[in-house]
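The values are calculated or read from the model by the stated rules, or taken from the named source; none is laboratory data. Computed from a predicted model, the values in this text were never measured in an experiment. Note that each Cβ is placed from the backbone with ideal geometry, even for glycine, and that neighbours are counted across all protein chains shown. Side chains included, ligands, DNA and RNA excluded: accessible areas come from the protein's heavy atoms. Shrake-Rupley method; radii C 1.70, N 1.55, O 1.52, S 1.80 Å.
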Amino acid sequence: MSLRLPFLVVLLCLSVDIKAQRSLDLSNDSLRILIADTSNVRWQIMGYCLLSTKYFQNQDSTSLFIKEAKKLAEKLNNPQVDAKILGTEGVIDLMTGRYDSAMACFEKTLQLGKDLHDSDMISTSLTNLGVIYQEKGDFAKAIEIQIQVLDIEKALGYESISAYTNIGGIYSQLLNSEQAFYYYHKAFGLCHKYDDRTGSIQTAMSLAAEHQFVGALDSAEHYNKIAFDRALEIDDDFNICKAQVNFGKIELSRGNYEQSMAWLRQAQLKTANSADDKLTMETFSNIGIVHGQLGNHDSALYYLKEPNDYFKKENFLELRMIVLEGIVNAHRGKNNLKKAILFNDTLNIVRDSLFSKNKYLIFQNAESKFQNEKLRAEKAEGEKKVLQVKQENDRQKVFLLILGISIAVVTIFGLVFLLLAYRRKLQLQKQKIETERELTKLEQNALKAQINTHFIFNALDLVRSYLNLNQIEEAKNHIGEVAKLIRLILENASEPTISLEDEINCLRTYLKICHRLFNRSFDYDVHIANEIDSSKISIPPLLLQPLLENAIIHGRGNSEEEEKNKITLEFNMKDELLQCKVSNDTQNEQESRFHELKRKSMGMEITQTRLENYNAQFDIQSNLSKENEEGRITVSFQVYAEQSY
C-alpha cells in the first residue's frame, strides 16, 4: 500500500518551492518583496511565517525568518499573532520529523485557543496534534483527537475536510479499507462542495491508493487521473510527479511494463531537481521493479540499491518490503541463489515487523474504542425517525454496557500484564547491578594484590640499603618499622575500605622510612582539614602510596647542594567527596619527571583504574589531575568517602 502524508502537512507542502530548497536566492522571492514593500506589521509577520514554511528544509533560513517574525510580534503584543508564529514553528517541526518539539508547540497553541475562546485555533491545534499521534503510531489517540475536531467544526456550522481525510488515512494504515473509503469519500464530497482543488488532489490520490490496495485498478486509475488533471491545472509539480508514479504503479500491477516505465521515466525527470528524497526514492524503486519484470536484472539491482538503503535509514517498512521483494526476484533471475536467500531473510524480518502482533493489537484497540463515532452517526440518523428512537436507544444502551464491560476486562488484564512486566524488569536490573558490583570487587582485589607486591618490594629495598651501609642498629630499627608497615599493608589490603585514620597512619610510616632511606633529601608534611573526622571516613586502601612514591623518586634532589624537596599531603572534604592532593615543591631539574606521561608507572595506572572502578559504583567520574605551577607540582583526585555516625 502506498504511504501518504497526512492531509494538513500535504497542504502546507503545496506552497513549498522544492527547487528553492537547494539554493536560497531570496532577492526575487515574491514574499520577500511583499515584506519589504508593506508597512503593515501583521502582513510582514505573515510573510515571514510563509517564508519559513516555504523553505522549511533549510534550517538556518527558517530560524532566521521565525526570529524576524517574533521580533515584529513584540511590537503588537497580540496573543493570536504569537499563536500564529508558534503554530508555524510546530508545522515546520512536524514536516521535518521533530515530533516531540512539534507536539509542544501545538499544545501551547491549543491552550491559547482555549484561553481566548478561539474555536478555529483549537480546531487547528487539535488537527495537528492528531497528525503527530498518527505519525508516532498512536492511532487510537489520533482518531480520538480527529473526532473532537469534527465535533467542534460541526458546532461551528461546517465540516472538516482535513479531519475526515486524516481519519481515513489512519484506517488505511490499520488495513481497514472499508472505514478508509467511508472517510475518504466524505472528504472528497466536501472538496467538491467547497471547491477546494488542493484538497481534492490529495483526497483523490488517497482514494486511488486505497483502490489499488484492494485490487480495483480501474477505480484507482480514475481517481488518480482526477488528481493528475487538477495538479496540472494549478501547476503543482510535486503532485504531478506523485500522480505519474501512481500511474506507473497501476500499469505495473496490470502487467503493462512498457507503459509503466514510460510514466515512471516522466516522474524521474521531475524528481531530478527535487528535494523530496522520499518521492525520488519511490520513483527509483518502481523503475527497478519494472526492470526486474522486463528481465533487466542488473538494471533492477542498480535502481533498487539506493532506495533500499534510504528506506532502511528512514524506517519506511512498507516501501522497503516492496524494494526487498524486487531485489530477491532480481537475484533469482540472475541465478544468484545465495544473495537471493540472504535478502529474503531480511525481507521476512521486515514483513514480520510490519505485520506484527503488536500492530494487530493496536488495530483492535482502535476499533473497540472508536466504535462510538459510528454509533453517533447512527444515532443522528435515527433521531430523524421518531418511531425508531426508543429502539435505537435500547440497542445503544446494551451495546455500550457490553463495550464497557469488555473495556474493563481488557484494561484489568492489561494492567496485570504491565505490573508483571515491570516487576520482572526491576528484578533483572537488580541482578545486573549485583553482578557488576561483584565483578568490580573481584577486579579491585586483583589490583590491590599488585599494589601490595610493589609496596613490599620498596619497603624491603629500604632495609637492604641500611645493611649495605653496615648500619646494623639502624637496620634493626627499620626492620621493626618495615614489619609494622607490612602488617598494616596486609591488614588493609584484605578490606574493601578502611578508615582515613588507618590510611594516614600507613602513609606516615611509609614516609618516615623513605625519609631516612634517601638521607633526608626531602621534607614532608600531612594536612587534614579541621572538619574531617578521619576515624569516621572510609576510603579504598593504598590509593595514595603510588603518588607519594612517584613524588619521592622523581622529585628528590640529586645532590646535597640542591634545595630540599618538600612533599605535602592534603585532605579536604567537598560534599560527599574526599579531595586528596600530593604536592611537590622543588626547583631541581627533575621536577618535570614527577608524573611525566612518557614514563607513567604501573602504580599510577593501577591507582587510576581503582579510582575509576570505585567511584563508578556511586555514579561519580574522577581522574588523576596534575597542576604545574612555578616551583610546585600537584597531583589530586576525588574519591567517594563513606561516613559513619
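Any residue at all in the range 128-138 that is in a helix (DSSP H, G or I), touching a Pro at 6+ places or on another chain (Cβ under 6 Å) and either closer than 24 Å to Lys193 by Cα or at pLDDT 85 or above (or both)? Yes: the range 128-138 contains one or more residues that are in a helix (DSSP H, G or I), touching a Pro at 6+ places or on another chain (Cβ under 6 Å) and either closer than 24 Å to Lys193 by Cα or at pLDDT 85 or above (or both).
If the condition is being open to solvent by less than 30 Å² (accessible area, probe 1.4 Å) and small (Gly, Ala, Ser), then the range 32-73 contributes Gly47, Ser52, Ser61, Ala69, Ala73.
Would you mind stating whether Val463 is more than 50 Å from the chain's Cα centre (by Cα), surrounded by 11 or more Cβ atoms within 10 Å (Cβ to Cβ), at pLDDT 75 or above and under 16 Å from Ile513 (Cα atoms)? It is false that Val463 is more than 50 Å from the chain's Cα centre (by Cα), surrounded by 11 or more Cβ atoms within 10 Å (Cβ to Cβ), at pLDDT 75 or above and under 16 Å from Ile513 (Cα atoms).
You will find that of Leu76, Leu112, the residue that is closer than 23 Å to Ala36 by Cα, open to solvent by 30 Å² or more (accessible area, probe 1.4 Å) and hydrophobic (A, V, I, L, M, F, W, C) is Leu76 and no other.
Considering the range 178-204 alone, what residues qualify as being open to solvent by 20 Å² or more (accessible area, probe 1.4 Å) and either out of contact with any Gly (no Cβ under 9 Å at 6 or more places or on another chain) or of a type in the set (Phe, Trp, Tyr) (or both)? Walk me through how you get there before you give the answer.
Going through the range 178-204, the residues open to solvent by 20 Å² or more (accessible area, probe 1.4 Å) turn out to be 178-179, 181-182, 185-186, 188-189, 192-198.
Residues satisfying the conditions are Glu178, Phe181, Tyr182, Phe188, Gly189, His192, Lys193, Tyr194, Asp195, Asp196, Arg197, Thr198.
Exactly one residue out of Ala140, Ala216, Ala220, Ala209 is open to solvent by less than 20 Å² (accessible area, probe 1.4 Å), on the phi < 0 side of the Ramachandran plot and free of Cβ contacts under 8 Å to residues at least 60 places away in the same chain, and it is Ala220. Take Glu159 and decide whether it is of a type outside the set (Val, Ile, Thr) and outside any helix (DSSP H, G or I). For Glu159, the condition - of a type outside the set (Val, Ile, Thr) and outside any helix (DSSP H, G or I) - is met. Filtering Asn372, Asn348, Asn365, Asn335 for residues that are over 23 Å from Leu175 (Cβ atoms) and either open to solvent by 20 Å² or more (accessible area, probe 1.4 Å) or modelled with pLDDT under 90 (or both) leaves a single hit, Asn335.
Just a yes or no: is a residue in the range 548-570 farther than 20 Å from Ile633 by Cβ, at pLDDT 80 or above, of a type outside the set (Ser, Thr, Tyr) and surrounded by fewer than 16 Cβ atoms within 10 Å (Cβ to Cβ)? No, the range 548-570 contains no residue that is farther than 20 Å from Ile633 by Cβ, at pLDDT 80 or above, of a type outside the set (Ser, Thr, Tyr) and surrounded by fewer than 16 Cβ atoms within 10 Å (Cβ to Cβ). Residue pairs whose Cβ atoms lie under 7 Å apart, separated by 6 or more positions or on different chains, with the first residue in the range 565-588 and within 25 Å of Phe618 (Cα to Cα) and the second modelled with pLDDT under 85 and open to solvent by 50 Å² or more (accessible area, probe 1.4 Å), do not occur. Taking residues in the range 427-440 that are within 14 Å of Asn613 (Cα to Cα), and partners anywhere that are at pLDDT 70 or above, the pairs with Cβ atoms closer than 6 Å and at least 6 places apart or on different chains are Thr440/Asn613.
Of all residues in the range 163-216, how many are aromatic (Phe, Trp, Tyr) and either under 35 Å from the mean Cα position of the chain (by Cα) or not in a helix (DSSP H, G or I) (or both)?
5
Taking the criterion of being open to solvent by less than 40 Å² (accessible area, probe 1.4 Å) and under 15 Å from Phe571 (Cα atoms), the residues of the range 510-540 that qualify are Val526, Ala529, Ile532, Ser534, Ile537, Ser538, Ile539, Pro540. Taking every residue in the range 486-498 that is under 20 Å from Ala641 (Cβ atoms) and pairing it with any residue that is part of a helix (DSSP H, G or I) and among the basic types (Lys, Arg), at least 6 positions away or on another chain, the pairs with Cβ-Cβ distances below 6 Å are Ala493/Lys448. The set of residues in the range 232-241 that are within 19 Å of Glu282 (Cα to Cα) and in a helix (DSSP H, G or I) comprises Asp237, Phe238, Asn239, Ile240, Cys241. Against the numbered list (1) modelled with pLDDT of 80 or more; (2) over 25 Å from Asp523 (Cβ atoms); (3) open to solvent by less than 50 Å² (accessible area, probe 1.4 Å), Phe637 comes up short only at (2).
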